[in-house]
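Have a look at the structure below, then the notes.
The values are calculated or read from the model by the stated rules, or taken from the named source; none is laboratory data. What you are looking at is a predicted structure, and each value in this text was computed from that prediction instead of being measured. Note: ideal-geometry Cβ built from the backbone for every residue, glycine included; neighbour counts use all protein chains shown.
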């Protein structure tokens, strides 16, 4: 966070929770959203990988298990259908959730005219 924003908040006499809510959170929100996007991508890949490993050992599971099972049975069309589903879910969450959060953030805190 730029030091000028901190100094501006202190020059206006902001202290404590009001300083945090008015200056610190809006200034750090773009970095927080970027971290959430990266975390979401990592968590989604980890979830699918865990289903591949643990779903295969238990004989039942979710989407990762579906892809793994069809790969073993050489059903290429089903494997690609599963992969496209993984991609679609990832893009939907990215496009709907994070795009709307970014749009609200950009407009609310004056990052766009």
Legend entry - Search result, residues across region 57-88 that are modelled with pLDDT under 85 and assigned to a loop (DSSP other than H, G, I, E, B): 59, 60, 61, 62
Legend entry - So residue 1, is it touching a helix residue (DSSP H, G or I) at 6+ places or on another chain (Cβ under 6 Å), loosely packed, with under 15 Cβ neighbours inside 10 Å and within 26 Å of residue 106 (Cβ to Cβ): yes
Inset, instruction - Answer yes or no as to whether residue 49 is assigned to a helix (DSSP H, G or I), in contact (Cβ under 8 Å) with a residue 40 or more places away in the chain and within 30 Å of residue 87 (Cα to Cα). - result: no
Inset, instruction - Could you check, for region 48-56, whether at least one of its residues is at pLDDT 85 or above, over 19 Å from the mean Cα position of the chain (by Cα) and over 30 Å from residue 1 (Cβ atoms)? - result: no
